[in-house]
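Take a look at the structure set out below.
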Amino acid sequence: MMGIKWNELLITGDPLILGSQIAILLTMIGIVGGITYLKKWRWLWSEWLTTVDHKRIGIMYIIAAVLMFFRGGIDGLMMKAQTARPEMEFLNAQHYNEVFTTHGVIMILFMAMPLLIGIMNVIIPLQIGARDVAFPQLNALSFWLFFSGAMLFNISFVIGGSPDAGWTSYFPLAGKEFSPSIANNYYAIALQIAGIGTLISGINFVVTILKMRTKGMTLMKMPMFTWTSFIASVIIVAAFPILTVALALMTTDRLYGTHFFTVSGGGMDMLWANLFWLWGHPEVYILILPAFGIYSEIFATFSRKSLFGYKSMIFSIVAIAILSMVVWVHHFYTMGSGPAVNSIFSITTMAIAVPTGIKIFNWLFTMRKGRIKMTTPMLWALAFIPCFIIGGVTGVMLGMGAADFQYHNTLFLVAHFHYTIIPGVVFAVFAALYYWWPKMFGFMLNEKIGKWHFWLFVIGFNVTFMPMFFLGLDGAVRRSYTYSVESGFAPLFLLSAIGSAVLALGFAAFCYNIYWSARYADRNISSDPWDARTLEWSTASPVQFYNFAKQPEVTTLDPFWHMKKKNEGLTLKDSEIEEIHMPSNSGLPIFMGAVFSVAGFFLVFEWHIAAVVAAVGIIAGLIIRSFDYDEGYHVKKDEIKKIESTWRNVEGEVHNDVS
Amino acid sequence: MKKFLLSLTALLPLLVLSGCNMVVFEPQGPVARSITDLINWSLIWMLLVVVVVFGLFGYIVWKYRERPENMEYEPPEEHGSTLLEIIWTGIPILIVIALTIPTVTTLYALEEVPKGYEEKEPITIHVTSADWKWIFSYPEEGIETVNYVNIPEDTPVLFKMTSASTMQSFWVPALGGQKYTMPKMETELYLVADNPGSYEGQNTNFNGRGYADMKFEVLAQTHEEFDQWVDDVKEKAPKLTEKEYEDLLKPTHLGRMTFSNTHLSWVNHADPDSKAYTNPELYRGHGYQGKIFEEEDNYKSEEINENDKHGHDENIENKENHGGGHDGH
Amino acid sequence: MSANVDTTLPLEYQTEQNRLNILGFWIFLGAEIILFATLFGVYGVLYERYAGGPTHKDIFVIKDVMIQTLLLLTSSFTMGLAIFEMRLHNLKRLITWLIITLVLGAGFLFMEINEFIHYVHEGATMQTSAFLSSLFVLLGTHGAHVTLGIGWAIMVIIQLAKRGLTPVTARKTFIIGLYWHFLDVVWIFIFTFVYLKGLVG
Amino acid sequence: MEKIMKGFPLSHVIGFVFSLILTFGAAGIALKTDLSFKVIMWIIGSLAIMQAGIQLFMFMHLREGEDGKTNVLNILYGVFMAVVIVAGSIWVLSSGHAH
Ligand code: HEA
Ligand code: HEA
Ligand code: CUA
Ligand SMILES: [Cu+2]
């Protein structure tokens, strides 16, 4: 039927993959069975799957991204196991190639970015005192597109084969001539779907932050996390269309035989590298900027001081955003574009050290004269500084074009970017989860387990990646599944592998913490357990669905801090309560996500007619949306009164879980 | 916290000290040496940055940490300081300038014959990378080698590089930095070896299943030895035929080979109008196979087409497959 | 969110949600600029890589291009008139101008499809060379946008006919207007940097 | 907001006439003169930018509404990125390589 080669469809013959196939099947049966048994389908559908509430969407992003962290983390551990000893035979070359490719893609696009977008979703409307984002339904669509892209990418290793040309998927290697299996179609199409979702998110946040701020919150009174997320969203809007085009051209090259990047027909392989990094470099700053914002909030809160140099912080993120657009060539100095090109891009690249340095020094001076409270979120923020500096200065070393000829594509580079991404983004996400957890769920994560998590992870991280700098300088290249005994790399590789085991223990501690706290943590906590400074802490934990009964009015930076000091604006009079208009739930976003993944799946397998048929569903969705005049609903005063009084008049003392 | 800081600061000098036995810090020629000098220069500045920031960090965190004694202390309202902002914008700018100048001069210098060697007659060697092997052609001498290259010591060698397949990167860390090889275009790289010796070279740009073993040896010889070797090869080595050459380009690992002519006489892959020698059929392997497009300007002899139809698997030495789906065509 | 209605403004700006949507659409157009810029960049890099196939001069027909340009320019003008009438609350004329715009747009599309057929007859397909790949994809992306615009405008016309001029329908009409003008802007650059450049150089 | 409009869409008509002139002008210069390629490209390129400006300001009312400034910044940023992408890519990919 339709020339489908059924015998090739499933990947067979490999015990690891067979194991995962069985595990996936069992998990799915388990989930479906469990939900049916508990009669939770209706609840799941109406409370979560069709929700347009930014907080719930944010939480769904976070859950999906943490699952992806597992997947990517296990890929990382597999690589570390394979290279622990010289000439190991745990993974063969093909398998190793698939593992680092999926590791890179999943970690960057399906873990780091969605985690940050999830946190942005939960926090930003709260920080700016808004009731939701500008386009709640589009927000849900963004999530479902991301989710559908992620799922499509993840099934690749059991159905059809995983992409294996690196997360950069350079041509000609990634073209049909050298990768005839459909595996790399997954890369092109799954990323495309998720990328469209991200672009929509970016637009949504730009408009939300520009237009939905509460009364009195001028741009220069916005919390730093909102600022950095705003700039990151601007970069998303500027960079993601480039990825869209690059992936579309990759798709036509692979599926329809065009000649953008091929060896024959006049195609140019360098063009792919150029387009990929035109997006790819801004992408790493899309990751780091919101993370910088998270740290800014945490440093200020736990030093009990406002952020030092607020204006210069904003100047520096704007400078980073502009510079991030003009450095992409530093990823291919070795492509022979000549000394003039390399010189210019060396200069722009190194220039990024200046605004980043400004931020580092401002954070240090935020803590100076403060009273530094060593909570778990703060520990992550503290560890970030030294670790990230190592990543940053090695980045500057890579930025020196001539020197990069010796570092490029070695483990020195791999060490650099794990030293920027993990302290920069992963630590920040952990910090944010510990910090905002009570806001999201109404209980705190355990501080003691949190410290275990922290120390294991940070030590494991340094032991894993520090040796890679030295290996790289000794000539060990990246993406090589093995090395010889004579190379002398063995001891450092082993050390690094041991480090990754510690790292995994740290992550396990985190998972255990979630489990423990969900079961045993105190539910009777204050809505402001950290004595924090910004508006999200002025409302209930977990936040009621309309966020604020009365939208707060702002006169200064750190508004909530000053309200608390002056003891004003915290109470709510009955006369201030008004009906609140809220958007209705919608099943359309999840429907669109589903159609996109089905159409995408057919396209991956090059079953064009089926794909076109499925795409009709997309058009149907758009038409339904166009004729949708649902105006939302109003929350009645009585209901608001009831909700507000339950959290405002808690009986007895509330417990702050801070040691 | 302290423990962690200590372990970090202990690791850093190690980065510099243990430099003595890492290939990048043991340059064996002027090109590599100029890069090592640049790296060392950058390390000094980076160390300075690291020491200053770590010091400041340790001091502040230690001094202002919360203790049972200072729970009463309420930190002051403080918004910033223009003077401080200027200082920590200005100094990094100066550091960046200090790094930029030698970077730019080195970038330009690397494109030329190394300083002090302008007088010496350079020799030209064409490098063609294929999956997963290196082919070296000596047009002046009329010889060709696979997976090893002999060069005279103390002589600038101009490598003219291209690829017959994917994008690869030519790197001999002891002698100099790397550069990509790409189909239908040419990149150039000068290298010089100070002394006779054997240096390892390899591909650093990932190009598929055989990537890890895509290595070659650079053997620097005295002038006499080199001339002797060239003569020997001319005399004793077989001639490479077009047919053998096509076989050679298939995705395989090969040992060393030596020929007394060069493939440049029938194809130079750097030429933008040259035929493409790609064999998509031979890359079929893992997973579900998609459609392949026949290209008009792709060169394939009859014979190769014949081969493809039945079990091409013999052609691929060291073919590693984990699992199914390679019977589908 | 709240129905913070300001009746001194034109209909499409009256509600807060409308203002959000219009700003959001402008930001989206910013992203579209970058999308098309990338395609232009690709074309600029590949445009002399004929791989032995046909060149610009072999396939471009200036007369057809001029007609296409005129159709699209005029449609952008009539779209402007439609919005002008909308602000005067002339529903009938608004719909009339919208329909004229769409007819012109359809004419443009018809010409473009003919053009593609002509190219293929000349042996110039998407698979022939890098130049043609980039040409087809650039023109095709623009054409696909026009197609989408026509479909979308039809939806809006139906809603206008059913519901008359309300803040919601006015906003939808206004946004499709922006979109249409934007497509004209893109075409101007295609006209200049693809067709004229190809015929000169 | 724009001045309350009377019955005649003056700015649209002017814009349309201008865009016709610019289009035919560009075609004329490109096809009917024998200036050098570079000069022609500079001239018709500038004409295209002028015409884009006409669309943006006269038809799309870029500066209208409470977000007029934002819109202008947004478009300027888009144009900056467009220049970086187009000029940057061409420069990077055509320099250096000895073909
Ligand atoms: C979050 C992610 C992130 C971040 C923040 C950075 C930050 C930086 N990166 Fe990194 N980078 C990556 C992620 C990231 N990078 C990834 C994923 C890759 C590889 C992709 C791949 O190939 O697969 C990569 C690759 C990469 C390369 C390519 C190397 C190669 O392929 O050969 C280069 C080269 O210039 C580079 C440079 C830099 C620089 C200069 C910074 C700067 O922003 C760092 C600035 C920070 C500091 C410098 C520290 C603080 C400053 C001070 C204390 C002030 C004083 C300091 C000085 C004056 C020096 N990076
Ligand atoms: C956000 C980005 C990100 C993150 C967080 C990581 C995290 C990690 N990465 Fe990274 N990595 C990349 C992005 C990232 N990586 C990219 C872009 C590449 C380039 C890909 C390419 O070349 O194409 C790369 C490449 C890369 C390589 C190089 C492969 C090569 O070139 O040969 C290696 C090798 O060691 C590696 C290892 C790791 C490890 C050990 C972690 C660890 O930090 C992971 C830690 C997480 C876990 C360990 C979670 C799992 C935990 C458990 C399973 C515990 C058990 C739990 C219970 C029982 C409850 N990565
Ligand atoms: Cu690569 Cu020219
Ligand atoms: Cu970068």
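Laboratory data are not the source of any read-out in this text; all were calculated from the coordinates shown. Here the structure is a predicted model, which means the values were calculated and not measured. Heads up, the Cβs are rebuilt from the backbone with ideal geometry, glycines too, and the neighbour counts pull from every protein chain shown.
Can you give the local net charge around A:SER346? Use residues other than it whose beta-carbon is closer than 15 angstrom to its beta-carbon, Lys and Arg +1, Asp and Glu -1.
Residues near A:SER346 contribute -2 overall.
Test of the criteria: in the range B:217-256, which trypsin sites (Lys or Arg not before Pro) are in a DSSP loop and have at most 12 other Cβ atoms within 10 angstrom of their Cβ?
Those that pass, being in a loop and sparsely packed, are B:LYS239, B:ARG256.
Could you calculate the contour length gain from A:VAL32 to A:VAL613, that is, 0.36 nm times the residue separation minus the distance between their Cα atoms, to one decimal place in nm?
206.4 nm
Mean projection of the alpha-carbon convex hull of the range A:520-659 over all orientations, in nm²?
Its average projected convex-hull area is 14.3 nm².
Considering the options A:PRO290, A:PHE146, A:ALA81, tell which one lies farthest towards the positive end of the dipole of chain A, charges being +1 on Lys and Arg and -1 on Asp and Glu at the Cβ, about the Cα centre.
A:PRO290
Using a 10 Å cut-off on Cβ to Cβ distances, tally the other chain neighbours for every residue of B:167-173 and report the average as a whole number.
The per-residue average across the peptide is 5.
When the dipole is taken about the Cα centre of the range C:65-201, and only Lys, Arg (+1) and Asp, Glu (-1) are charged at their Cβ, what size is it in debye, to the nearest 20?
Numbers: 8 positive and 5 negative charges, 149 e Å.
Around 720 debye, computed over the range C:65-201.
Once you have the Kirkwood Rh of the range D:8-60 from its Cα pairs, apply Stokes-Einstein at 37 °C and 0.692 mPa s and quote D in µm²/s.
Using the Kirkwood radius from Cα pairs, D works out to 281 µm²/s.
Other chains near B:109-121: what is the mean number of their Cβ atoms within 10 Å of each residue's Cβ?
The mean count of partner-chain Cβ atoms within 10 Å per residue comes to 1.
Return the whole-Å distance between the Cα centroid of the range C:1-46 and the Cα centroid of the range A:371-441.
After rounding, the separation between the Cα centres reads 36 Å.
Name the residues whose placed amide hydrogens come within less than 5 Å of the amide hydrogen of B:THR181, ignoring near sequence neighbours (fewer than 5 apart) on the same chain.
Answer set, sorted by chain and number: B:GLN168, B:SER169, B:PHE170.
Going by alpha carbons, how many degrees (0 to 90, nearest 10) lie between the helix axis of A:338-351 and the longest principal axis of chain A?
The angle comes out at about 20 degrees.
For A:THR208, A:THR168, which order do you get if you count the other beta carbons within 10 Å of each Cβ and list the fewest first?
With the fewest neighbours first, A:THR208, A:THR168 line up as A:THR168, A:THR208.
Measure nothing but the geometry: give the 0 to 90° angle between the long axis through the Cα atoms of C:16-46 and the longest principal axis through the Cα atoms of chain C, rounded to 10°.
With both axes taken from Cα atoms, the answer is about 0 degrees.
Can you tally the net charge around C:TYR179? Count Lys and Arg as +1, Asp and Glu as -1, for every other residue whose Cβ sits under 11 Å from the Cβ of C:TYR179.
Once all neighbours under 11 Å are counted, the net charge is -1.
Neighbour counts of other C-beta atoms within 10 Å: give me A:SER181, A:SER626 arranged from fewest to most.
A:SER626, A:SER181
Run the quick spin-label model on B:ILE97 and B:ARG67: label points 7 Å from Cα toward the beta carbon, then report their separation in nm to one decimal.
With each label point 7 Å from Cα toward Cβ, the separation is 4.3 nm.
What net charge is computed for the residues neighbouring C:LEU29, neighbours being all others with C-beta under 15 Å from the C-beta of C:LEU29, Lys and Arg scored +1, Asp and Glu -1?
After counting each charged neighbour, the total is -3.
Can you put B:ARG67, A:ARG368, A:ARG254 in order, fewest other beta carbons within 10 Å first?
Sorted ascending by nearby Cβ count, the order is B:ARG67, A:ARG368, A:ARG254.
Nearest 10 degrees, 0 to 90: what angle lies between the long axis of helix D:68-94 and the longest principal axis of chain D (Cα atoms)?
10
Could you estimate the translational diffusion coefficient of the protein assembly as shown from the Stokes-Einstein equation, with Rh from the Kirkwood formula over C-alpha pairs, at 10 °C and 1.306 mPa s, in whole µm²/s? Can you show the working numbers first?
Working: Rh = 32.6 Å.
D = 49 µm²/s.
Let me spell out the model: positive unit charges on the Cβ of Lys and Arg, negative unit charges on the Cβ of Asp and Glu, origin at the Cα centre of chain A. What dipole size does that give, in debye rounded to 20? Can you show the working numbers first?
Working: 43 positive and 40 negative charges, 339 e Å.
Result for chain A is approximately 1620 debye, rounded to the nearest 20.
What does a probe at B:THR241 reach in the range B:126-147, counting residues whose amide N is under 20 Å from the point 7 Å along Cα→Cβ?
B:143-146
Could you work out the relative contact order of chain A, using alpha carbon pairs under 8 angstrom and six or more residues apart, expressed as a whole percent?
17
Find which of C:HIS56, A:TYR256, A:ALA383 sits farthest along the positive direction of the dipole of the protein assembly as shown, computed with +1 on the beta-carbon of Lys and Arg, -1 on that of Asp and Glu, about the Cα centre.
Among C:HIS56, A:TYR256, A:ALA383, the one farthest towards the positive end of the dipole of the protein assembly as shown is A:ALA383.
Which three lengths, in whole Å and largest first, does chain C cover when its Cα atoms are put on their principal axes?
Principal extents (largest minus smallest coordinate, Cα): 62, 29, 24 Å.
Name the most mobile residue of C:ALA153, C:ALA144, C:ALA51, meaning the one with the largest mean-square fluctuation, in a Gaussian network model of chain C with Cα contacts below 10 Å.
Its mean-square fluctuation being the largest, the pick is C:ALA51.
In the range A:75-158, which GluC sites (Glu not before Pro) are in a loop and have at most 10 other Cβ atoms within 10 Å, using DSSP for the loop call?
Listed in order of number, the matching sites are A:GLU87, A:GLU89.
Which whole number gives the average count of other chain Cβ atoms within 10 Å of the Cβ atoms across peptide A:123-134?
Per-residue shielding by partner chains comes out at 1.
What longest region of chain D stays clear of trypsin sites (Lys or Arg not before Pro) that DSSP places outside H, G, I, E and B and that have at most 12 other Cβ atoms within 10 Å? Present the calculation step by step, with values, prior to reporting the outcome.
On the way: sites that count: D:LYS3, D:LYS6.
Longest gap between qualifying sites, sites excluded: D:7-99.
Using 20 Å as the cut-off for backbone N distance, which residues of the range A:444-466 belong to the label zone defined by a point 7 Å from the Cα of A:TRP516 along Cα→Cβ?
A:444-461
If you average the C-alpha positions of the range A:1-56 and of the range C:170-201 separately, how far apart do those two centres end up, in angstrom?
If we compute the Cα centre of each part, the gap is 45 Å.
Calculate the length of the line joining the C-alpha centroid of the range A:175-229 to that of the range B:208-225, in whole Å.
For the range A:175-229 versus the range B:208-225, the Cα centre distance is 45 Å.
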